[in-house]
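Remarks on the structure that follows.
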Amino acid sequence: MTRTPSLIALAAAVLLAIPLSARAQESEDANVATPFNGKNLEGWTFKEPKDRSHWTVGFPKMSEENARELTVADTGEGAPALVNSESRGVDAYTTEKYGDCTISLDFMVPQGSNSGIYVMGEYEIQILDSYGRERLRPGDLGGLYNAAAPKTNASKEPGTWQTFVIEFQAPRFENGEKTANAVFKKVTLNGEVIHENVEMKGPTPTGVSGKEAETGPLMFQGDHGPVAYRNIKITPTGGAE
């Protein structure tokens, strides 16, 4: 069907009526992956043995009877979460794979608990109840395991929601050979920058495959302690500078 000039002009007028910032936001939102749908475990798989998985969906809080545990309710405040409710479960990771990206998410751990965020399934940012610690190691909250301790302790009290923003550059390959290491460009914990431009010489042990690649899944460690994650967003970025 041929569009008349008046219809074309009307469409242009409508487009111009939308603020530029709103149009940019719509474009950005369309580019954001949300691997957790807040309803079920669709889009996620688990390490073996899968029958040991304790991952579920709900509204967690630190147990009043035992501060080292999370209880999970069917309803609650805020967004639903992906919850590992037991200490000895299995790791969960996305079926989708990602390369250069910015990852933002909220997490909660009870007292003394331990988990990890494995970017591309291979490079771990430590999750640990490190509240109040003065001397920080790579194994503390926000540490790049076996690589770098966080610059500062930005930890909140156990049982409270905390936030990571992770700007990540995938390793580079040419003809099957690695030409550049993976880089955590910037890691922000609860609004404080704890890492900048940290290269990862190799994968963290106990990842999905133990091998580096151009893309990989997002993995959450579930075999060390109770943990919950919500508001998970992955935004692909433009690559190396």
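The values are calculated or read from the model by the stated rules, or taken from the named source; none is laboratory data. Keep in mind the model is a prediction, meaning the values are calculated, not measured. No Cβ is skipped: glycine too gets one built from the backbone with ideal geometry, and neighbour counts run over all protein chains shown. Just so you know, the surface numbers come from the protein's heavy atoms only, side chains and all, with ligands and any DNA or RNA stripped out. Shrake-Rupley method; radii C 1.70, N 1.55, O 1.52, S 1.80 Å.
Sorted by accessible area with a 1.4 angstrom probe, largest first, how do Tyr93, Tyr229 fall?
On the way: Tyr93 50, Tyr229 0 Å².
Solvent-accessible surface, decreasing: Tyr93, Tyr229.
Taking a sphere under 13 Å around the Cβ of Ser63 and counting the other residues whose Cβ falls inside, with K and R at +1 and D and E at -1, yields a net charge of -2. Considering only Ala33, Ala73, Thr163, and ranking their Cα positions along the charge dipole of the chain that arises from unit charges at the beta-carbon of Lys, Arg, Asp and Glu, the one farthest toward the positive end is Ala33. Taking Lys and Arg as +1 and Asp and Glu as -1, the other residues whose beta-carbon sits under 10 Å from that of Gln221 total -2. Dipole size of the stretch 84-241 about its Cα centre, with +1 on Lys/Arg Cβ and -1 on Asp/Glu Cβ: approximately 200 debye, rounded to the nearest 20. Distance between the C-alpha centres of the stretch 57-108 and the stretch 157-231: 17 Å, rounded to the whole angstrom.
Karplus-derived 3J(HN,Hα) values for the stretch 38-53, using 6.51 cos²θ - 1.76 cosθ + 1.60 with θ = phi - 60°, are x, 10, 7, 9, 4, x, 10, 9, 9, 5, 6, x, 5, 6, 8, 5 Hz; glycine and proline are entered as x. With protein chains left intact and a 1.4 Å probe, residues in the stretch 76-184 average 41 Å² of accessible area per residue. The GluC sites (Glu not before Pro) of the stretch 60-123 meeting both criteria, a DSSP state outside H, G, I, E and B (loop) and at most 14 other C-beta atoms within 10 angstrom of the site's C-beta, are Glu64, Glu65, Glu77, Glu96. Based on C-alpha pairs under 8 angstrom that are at least 6 apart in sequence, the stretch 178-241 has a relative contact order of 19 percent. Surface composition of the chain: carbon plus sulfur atoms contribute 48% of the solvent-accessible area (1.4 Å probe, protein chains only, all chains present). Fully extending the segment from Thr34 to Arg137 would add 34.0 nm, taking 0.36 nm per residue of separation and subtracting the current Cα-Cα distance. Where only DSSP H runs of four or more residues are counted, the chain gives -3500 deg cm²/dmol as its mean residue ellipticity at 222 nm, each run worth -39500 (n - 2.57). How large is Rg/Rh for the stretch 56-153, to two decimals, with Cα atoms and a Kirkwood Rh? Rg/Rh for the stretch 56-153 comes to 0.97. Estimated translational diffusion coefficient (Stokes-Einstein, Kirkwood radius over Cα pairs, 10 °C, 1.306 mPa s) of the stretch 118-241: 105 µm² per second.
If R₀ is 41 angstrom, what is the calculated FRET efficiency for the pair Lys61 and Asn197, using the beta carbon separation as r and rounding to 0.05?
Result of the calculation: an efficiency of 0.65.
Once you reduce the stretch 30-50 and the stretch 118-138 to the center of their Cα atoms, the two points are 22 Å from each other. Once C-alpha pairs closer than 8 Å and six or more residues apart are averaged by separation and normalised to the residue number of the chain, the relative contact order reads 26 percent.
With Cα atoms as the point set, the chain shows a radius of gyration and Dmax of 20.2, 71 Å.
Of the listed pairs Lys97/Lys151; Lys151/Lys185; Lys97/Lys233; Lys39/Lys211; Lys47/Lys201; Lys47/Lys178, which have alpha-carbon separations greater than 21 Å here? Flagged as over cut-off: Lys97/Lys151; Lys39/Lys211; Lys47/Lys201; Lys47/Lys178.
Suppose the Debye formula is applied to equal point scatterers at every Cα of the stretch 128-201; what is log10 I(q)/I(0) at q = 0.15, 0.19 Å⁻¹? At q = 0.15, 0.19 Å⁻¹ the computed log10 ratios are -0.53, -0.76.
Heavy-atom accessible area, probed at 1.4 angstrom with all protein chains present, ranks Tyr123, Tyr145 as Tyr145, Tyr123, highest first.
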